[in-house]
Amino acid sequence: MSTNTELIRASYAAFRRGDIDAATALFDPGIEWTHPDGMEDYGLGGTKKGIDEVRAFMARARTVFSELRQEPREFLESGDRVVVIGVHHMRGARSGVTGTVRFVHTWRLADGRATHFEDHHDTYDVRRIVDAGDAAHGDGADSPGRIVQTGLAFWQAKTLHTAVELRLFTELAAAGPLDAGQLRTRLGLHGRGLRDFLDGLVSMGLLEREDGRYHNLPGPDAFLDEAKPDGFIGGLLEVASQQWWQPWSRLGEALRTGERQNNVHGGEDPFTALYSDPERARRFQRAMTGGSTGSIAALIDRLPWSEHRTVADVGCSEGALLSRVLRAHEHLTGIGFDLPVVEPLFGETVAEAGLGDRLSFQAGDFFADPLPQADLIVFGHVLHDWDLETKRMLLRKAYEALPDGGRVVVYEALIDDGRRHNTFALMMSLHMLVESSGGFDYTGADCRGWMAEAGFRNCYVQHLAGPESMIVGIK
Ligand SMILES: C[S@@+](CC[C@H](N)C(=O)[O-])C[C@H]1O[C@@H](n2cnc3c(N)ncnc32)[C@H](O)[C@@H]1O
């Protein structure tokens, strides 16, 4: 018969694989599941009773942390108790910040079932991860460690970019687990620095190592394996590494001159540069789609689609939003509007979605052409690419194209009205500085103002997912 330690060890291993059923198989139906009271601010404190409450706790945890993984390091058994000392690897869902927090877990078992579990950890450490955007303006910013970490954050970014460019996650998905020697051969590497590279990824919660062999964690396996094109977001990281890295290194020049810094490609606008390499464009658009998955799901739930019959997505790229919305709401027809060069990409998505003539493509240039006639018009990650005059012009054109009662929906990373919390959106706006001629991100209040100027009424802002929100107006 298994010892209590073996049972608990197997439960951690099942959690790490994402197999919640196996992980909770050991739990007594009336298990008492306790976390520090300080976690109650996130809905995760105090004692839960019974497996249903534990599962609800886990679902809640997945909204607070986009990644949460336990690394048990020591197991101590005494009588009916098992004490586990280890480390939580976490990434704050809102902040996107990763970090580790030490824990002590106490388990009590009876007849091979866990009847009590308590997690002891320093909730201050958790706050620094979950609320990192806020901490940057609070006492966290006083710490030299935090300043140094922020200053050198590009080390982590380049480590991840390089892992994608070397196809590490794809190789591990196909052939893992592999040890460092096997990876050296398969990826064609020298060997010097390789263990630091791999273990650095482990420390960031992007890779797992067991008994000296590396394998993918569920998140990177779903999103960084090229063989899973529906989830793959590595294309975005490749573009970040190959196309955005240099302009960002000239941020100071951009701030001094107001000029974009990507003229290395001969001065053409970013979309011309992107579309000059069709395969890169395809991977980039897939990646944009992958990054928008959460927002698209929220849009499907949160807009009153039953009040509409036709939806136009302006700057639709490959048409992921439309195909998902139309599959979820069968009464709708959709029009994707984008530059002619995008049509083949859009065609692929439509063919895959099997929506027949409910979904069509209208090639056009929103500077020169009117927008498609529809009773709901969406702009997803479009307005921030352009200067204020273009933003206003696009909203005016949407107003002209909509019937009375029609809706305009703008969605992207939105700077909070106080301009102090949504770091991702503020960085996105700097990205527009270095990448575009006049683009910038904005707050919900800004956009509601522009919508009102164009004639829209009842304008409101609603959060979608992660750093993204939508602004809705009615004609
Ligand atoms: C950043 S992408 C956003 C794509 C998509 N809506 C999403 O959220 O993933 C901007 C889109 O605007 C399109 N676009 C750029 N200039 C355009 C123009 N002049 N007329 C129409 N579409 C344009 C691009 O081709 C691209 O698909």
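Nothing in this text is a laboratory measurement; each read-out follows from the coordinates by a stated rule. All values derive from a computational prediction rather than experimental measurement. Note that we place each Cβ from the backbone using ideal geometry, even for glycine, and neighbour counts take in every protein chain shown.
Summing Lys, Arg as +1 and Asp, Glu as -1, what charge do residues with Cβ under 14 Å from the Cβ of Pro218 carry, Pro218 excluded?
Computed value for this residue: +1.
Distance from the Cα centre of segment 344-371 to that of segment 174-211, in angstrom?
Between the Cα centre of segment 344-371 and that of segment 174-211, the gap is 42 Å.
Met427 versus Val461, label points 7 Å from Cα toward the beta carbon: distance in nm?
2.0
How big is the dipole moment of segment 152-228 about its Cα centre under a simple scheme where the beta carbon of each Lys and Arg is +1, that of each Asp and Glu is -1, and everything else is neutral? Debye, nearest 20, please.
So the magnitude is around 240 debye.
Tilt of helix 423-435 relative to the longest C-alpha principal axis of the chain, in degrees (0 to 90, nearest 10)?
With rounding to tens, the tilt is 50 degrees.
Please arrange Leu322, Leu206 by how many other C-beta atoms lie within 10 Å of their C-beta, fewest to most.
Leu206, Leu322
Please list the non-local residues whose amide H lies under 5 Å from the amide H of Phe27, H modeled 1.01 Å from N, same-chain partners needing a gap of 5 or more.
Excluding prolines and chain starts, which carry no amide H, the hits are Ala114.
Please report, in debye to the nearest 20, how large the charge dipole of the chain is about its Cα centre when each Lys and Arg carries +1 at its beta carbon and each Asp and Glu carries -1 there.
340
Suppose the chain between His190 and Thr47 were pulled fully straight at 0.36 nm per residue; how much longer would it get relative to their current alpha carbon spacing?
Going from the current span to full extension adds 46.4 nm.
Count charges around His35 for me, please; just the other residues with Cβ under 10 Å from its Cβ, Lys/Arg as +1, Asp/Glu as -1.
Its environment carries a net charge of -3.
Which value in nm describes the separation of the simple spin-label points at Thr106 and Arg396, placed 7 Å from the Cα toward the beta carbon?
The answer from the label model is 6.9 nm.
Would you kindly calculate the translational diffusion coefficient of the chain, applying Stokes-Einstein with the Kirkwood radius from alpha carbon pairs, for 10 °C and a viscosity of 1.306 mPa s, and quote it in µm² s⁻¹ without decimals?
64
Counting other C-beta atoms within 10 Å, which of Cys316, Cys459, Cys447 has the fewest, and how do the rest follow?
Fewest-to-most Cβ neighbours within 10 Å comes out as Cys459, Cys447, Cys316.
Antiparallel versus total DSSP beta bridges in segment 370-475: what percent is that, nearest 5?
70
With the Cα gyration tensor of segment 280-474 in hand, give its eigenvalues times 5 under a square root as the equivalent ellipsoid semi-axes, listed largest first in whole angstrom.
24, 19, 17
Among the chymotrypsin sites (Phe, Trp or Tyr not before Pro) within segment 95-135, which fall in a DSSP loop and have no more than 16 other Cβ atoms within 10 Å of their own Cβ?
none
Provide the packing ranking of 421-430, 464-473, 13-22, i.e. peptides ordered by the mean count of other C-beta atoms within 10 Å per residue, highest first.
So the order, starting with the most tightly packed, is 464-473, 421-430, 13-22.
As a footprinting exposure proxy, order Ser292, Ser437 by other Cβ within 10 Å, with the fewest listed first.
Neighbour counts put them in this order, fewest first: Ser437, Ser292.
For helix 388-401, what angle does its Cα long axis make with the longest principal axis of the chain, in degrees from 0 to 90 and rounded to 10?
The angle comes out near 70 degrees.
Set Lys and Arg Cβ to +1 and Asp and Glu Cβ to -1, take the dipole of segment 366-472 about its Cα centre, and tell me which of His431, Asn458, Ala374 lies farthest positive.
Asn458
How fast does segment 4-141 diffuse by Stokes-Einstein, in µm²/s, taking the Kirkwood radius from C-alpha pairs at 37 °C and 0.692 mPa s?
My calculation gives 213 µm²/s for D.
Report the antiparallel proportion of the DSSP beta bridges in the chain as a percent, rounded to a multiple of 5.
Of those bridges, close to 70 percent are antiparallel.
Run the dipole for segment 280-474 about the Cα centre, Lys and Arg Cβ at +1, Asp and Glu Cβ at -1, nothing else charged, and hand back the magnitude in debye, nearest 20.
With Lys and Arg at +1 and Asp and Glu at -1, about 320 debye.
Between Glu226 and Asp357, what is the FRET efficiency for a Förster distance of 22 Å, r being their Cβ-Cβ separation, to the nearest 0.05?
Using R0 = 22 Å, I get an efficiency of 0.10.
Can you give the FRET efficiency for Ser203 and Glu6, using 1/(1 + (r/R0)^6), R0 = 25 Å, r = Cβ-Cβ distance, to the nearest 0.05?
After rounding, the FRET efficiency stands at 0.35.
Quick one: which residues, 5+ away or cross-chain, put their amide H under 5 Å from the amide H of Gly406? H built at 1.01 Å from N.
For Gly406, the qualifying residues are Lys475.
Which values, in whole Å and largest first, are the semi-axes of the equivalent ellipsoid of segment 152-228 obtained as the square root of 5 times each eigenvalue of the Cα gyration tensor?
16, 15, 12
Determine which aspartates and glutamates satisfy two conditions relative to Lys475: a Cα distance under 19 Å, and not lying fewer than 8 residues away in the same chain.
Straight-distance partners of Lys475: Glu307, Asp313, Asp375, Glu400, Asp404, Asp446, Glu453.
Quick one: 3J(HN,Hα) in Hz for segment 464-475, Karplus 6.51/-1.76/1.60 with θ = phi - 60°, rounded, Gly and Pro as x.
In residue order, the calculated couplings are 10, 8, x, x, 9, 9, 10, 10, 10, x, 10, 7 Hz.
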